[in-house]
Structure formats: structure tokens, C-alpha cells
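Some notes on the structure that comes next.
The values are calculated or read from the model by the stated rules, or taken from the named source; none is laboratory data. Everything numeric in this text was worked out from a predicted model, so none of it was measured. Cβ placement follows ideal geometry from the backbone for every residue including glycine, while neighbour counts extend to all protein chains displayed. Surface accessibility is based on the protein's heavy atoms, side chains included, excluding ligands, DNA and RNA. Shrake-Rupley method; radii C 1.70, N 1.55, O 1.52, S 1.80 Å.
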Amino acid sequence: MPSALVLLADGTEEMEFTITYDTLVRAGITTQSVYVLTPSFGSTNISPPVAKGSRGINIMPDSYLDATACGPGNHDLLVIPGGATGAATIATNATVQQLVRSYLKNGKYVGMICAGSLAAHTSKLPFQPLTSHPSVKAELEPNFDYSEDSVVVSGNLVTSRGPGTAFPFALTLVELLCGKEKREEVRAPMVFPPGTPW
């Protein structure tokens with residue numbers, strides 16, 4: 001079965017983290033949350049602290065960010081959620097930037113949603129289609145083929161817009177890792193209203 005990492009920091013947007021994580025698990029994908037420390041936190045020799053999300057919800061991560069353990073040799077997908085403060089912490093982390101480039105170079109998938117798409121810029125990815133939350137559009141538009149589609153797939157980079165697009169984002173990741181049949185198998189019991197386009 002495929003394996004995925006969903007990054008997490010103080011200020012991560014809870015819906016983008018939780019909907020993505022939960023949907024991947026429903027598809028049978030081995031999924032772990034990985035805490036990215038703010039530079040001021042200090043030592044990592046204690047159990048992971050609770051991450052305080054952008055709306056004040058506490059989330060207990062499974063582990064800390066580690067370049068070797070989190071590398072593309074061990075996992076198939078790296079997900080970067082948004083939330084302004086959390087996305088800033090994650091996108092400016094040098095280890096995350098290296099992992100983003102390494103995953104894509106090795107043919108693995110990288111998913112970014114909302115302000116998490118800033119990691120495409122900080123990781124110096126080449127000009128290509130992507131999307132993000134409107135609040136960071138101006139920072140991305142000069143360096144990318146910016147789209148306002150709900151989900152944009154550019155090779156192995158998958159980007160999306162915000163909390164309201166978290167379900168189609170997560171289901172797209174499931175389809176890429178496990179196929180269209182698995183996507184439909186996961187989607188059906190979620191009972192979206194009739195006419196929902198994803």
C-alpha cells in the first residue's frame with residue numbers, strides 16, 4: 001500500500017489537514033502526521049507537542065520532521081496544508097524545501113493546498129501550473145502559470161485552493177495513488193449532496 005506524510009505546524013488549517021489525512025486513511029494509505037517545529041521551539045528530544053491549529057484546535061502529531069525518515073525512499077506522497085502561520089513555518093523550512101524537490105525528482109507526489117502552495121515558490125520549483133488560496137496569489141503568480149481551478153495537477157505536483165476544496169484535493173490524491181476505482185469507493189460513503197462535482 002502507498003504511504004503518505006501530512007505536514008503540520010502551529011497555525012496549520014485544521015480542515016485541510018484533517019480532511020486530507022482522513023481521506024487518505026479511508027483509502028488504505030498508510031498516513032502519518034509530521035510536526036514541523038517553529039525555529040524558536042528548540043529541542044526535539046521530547047514527545048511531539050500538540051500543534052495548535054489556525055482555529056485553536058489541538059492536533060497531536062505522530063512524529064517530528066526528519067529528512068531521512070521523511071524522504072521519498074520511504075513514502076509516496078508529501079502533503080503541505082495551508083493556514084497562514086503554519087504554511088509560513090513549513091514553506092520556509094529548509095528540510096521541507098529539500099524534501100519537496102526530492103519527492104518530485106524521484107517521481108513521488110507532492111500535494112499543497114491553500115497557502116501551503118507557497119512551498120512551491122520557496123522550494124524554487126520551475127514554472128508550471130498551480131493554484132492556491134487567493135491571499136497568496138500575488139506571491140505565486142509571477143513565477144507560475146496561476147490557475148483558479150479547485151485542483152490543479154501538474155505532473156506529480158497537486159495544488160488546491162483552501163478549506164472548501166479540501167475534499168476534491170484529497171480525493172485527487174487518492175486517485176493518483178490508488179486509482180479511480182478506489183477514489184469512488186472512498187467517495188461514495190461520504191454522502192456528498194446530489195450534484196456535487198467531485
Can you tell me the order of 164-177, 4-17, 127-140 when each peptide is scored by its average per-residue count of other Cβ atoms within 10 angstrom, highest first?
4-17, 164-177, 127-140
Would you mind getting the accessible area per residue of the chain, heavy atoms of the protein chains only, 1.4 Å probe, in Å²?
44
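Mind pulling up the Rg/Rh value for segment 140-198? Radius of gyration and Kirkwood radius, both on Cα.
1.01
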Using a 1.4 Å probe over the heavy atoms of the protein chains, calculate the carbon and sulfur portion of the accessible area of the chain as a whole percent.
54
Which log10 I(q)/I(0) values, to two decimals, does segment 122-167 give at q = 0.13, 0.20, 0.25 Å⁻¹ under the Debye formula with one point per Cα?
-0.25, -0.60, -0.92
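Calculate for the chain the 222 nm mean residue ellipticity that helices alone would give, adding -39,500 (n - 2.57) per DSSP H run of length 4 or more and normalising by residue count, nearest 500 deg cm²/dmol.
Working: 7 runs with 63 residues, N = 198.
So the helix-based figure for the chain works out to -9000 deg cm²/dmol.
Of the listed pairs K108/K182; K137/K180; K108/K137; K124/K182; K105/K180; K52/K182, which have alpha-carbon separations greater than 28 Å here? If you can, show how the numbers build up before the last one.
Values: K108/K182 19 Å; K137/K180 30 Å; K108/K137 25 Å; K124/K182 33 Å; K105/K180 24 Å; K52/K182 32 Å.
Too far apart for the 28 Å limit: K137/K180; K124/K182; K52/K182.
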Please compute the Cα-Cα pair-distance distribution of segment 78-157 with 10 Å bins starting at 0, giving whole percents from short to long.
20, 60, 19, 0
Counted charge near A67, where neighbours are those whose Cβ lies closer than 15 Å (Asp, Glu -1; Lys, Arg +1):
+2
Roughly what % of DSSP beta bridges within the chain run antiparallel, to the nearest 5?
20
Computed over the chain: relative contact order in percent, which uses C-alpha pairs under 8 Å that are six or more apart
21
So what does log10 I(q)/I(0) come out to for segment 7-154 at q = 0.20 Å⁻¹, using the Debye formula with one equal point on every Cα and no solvent?
-1.34
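What length, rounded to one decimal in nm, is gained on full extension from N74 through to R55, with 0.36 nm per residue of separation minus their alpha-carbon distance? Working shown, then result.
Values: separation 19, 0.36 × 19 = 6.84 nm, distance 3.16 nm.
Answer, rounded to one decimal: 3.7 nm.
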Can you send over the solvent-accessible area of R187, 1.4 Å probe, protein chains only, in Å² to the nearest 10?
50
